[in-house]
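Shown next, in structure tokens, is the structure this report addresses.
The values are calculated or read from the model by the stated rules, or taken from the named source; none is laboratory data. If you're wondering where the values come from, they're calculated on a predicted model, not measured in any experiment. Ideal geometry is used to build each Cβ from the backbone, glycine not excepted, and the neighbour counts take in all protein chains shown.
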Amino acid sequence: MAYRRWTFFTAVFIALFFAIYPLYVIRPFRHQGARELAAALVIARWAPWVTLLCAAAAVFHLSRLWRQSSRLAQTGLLFAAVLAILSALFARVNIYERMFHPNLSPHFVAGAQAGIDDADMVMSVRINGEARAYPIREMGYHHIVNDIAGGTPIVATY
């Protein structure tokens, strides 16, 4: 029984680690070290399969441990198994990509009215005498702006 319990909780821990570590490291607007980013990208690549195997192992061991456990222990085991299953689901979704949406119809105002601080950075373009500026702070959330500058369709990306 101790072996099954150890295997069960190890599978749950690995599933949680493979789901959470890439989300923690690959956060927008956070500095990432080269090694931690490389590790997070490898873990994110394997996370869908590893978490699925760990969730299956957790459910298998849960079924073996269930009858031998007290009511309180069953509650804990069930909670841990649900965490492993949720890890398998979340490992397939990059929540940060879901947060960002292209800005398909940007609105422009004069620079004095834009509310941009002197320290704010912008991406700018000038085509046929018409200028546009896209604040980095705004681009960080949209990543893509479809626009027309000087009669020419453009895409600004960040």
Test Ile14 against the criterion of being surrounded by 13 or more Cβ atoms within 10 Å (Cβ to Cβ), farther than 28 Å from His142 by Cα and in the same structural domain as Ala91 (by TED's automatic domain parsing), and give yes or no.
yes
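If I go through segment 112-123 residue by residue, how many of them are outside any loop (DSSP other than H, G, I, E, B) and surrounded by 11 or more Cβ atoms within 10 Å (Cβ to Cβ)?
The first filter runs over segment 112-123 and keeps only residues outside any loop (DSSP other than H, G, I, E, B), leaving 112-113, 122-123.
Narrowing further to those that are surrounded by 11 or more Cβ atoms within 10 Å (Cβ to Cβ): 122-123.
Matching residues across segment 112-123 total 2.
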Report yes if some residue within segment 38-51 is buried (at least 16 other Cβ atoms within 10 Å of the Cβ), within 16 Å of Met1 (Cα to Cα), among the hydrophobic types (A, V, I, L, M, F, W, C) and out of contact with any Cys (no Cβ under 8 Å at 6 or more places or on another chain); otherwise report no.
no
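Could you check segment 23-69 and list, in sequence order, the residues that are of a type outside the set (Val, Ile, Thr) and outside any helix (DSSP H, G or I)?
Residues of segment 23-69 that are of a type outside the set (Val, Ile, Thr), as a first pass: 23-24, 27-41, 44-49, 52-58, 60-69.
Hits for segment 23-69 are Arg27, Pro28, Phe29, Arg30, His31, Gln32, Gly33, Ser69.
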Of the residues Pro28, Pro22, only one is in the same structural domain as Ile85 (by TED's automatic domain parsing) and within 14 Å of Ser87 (Cα to Cα); which?
Pro22
Considering only residues of segment 64-80 that are loosely packed, with under 12 Cβ neighbours inside 10 Å and farther than 15 Å from Tyr3 by Cβ, which is modelled with the lowest pLDDT?
Arg67
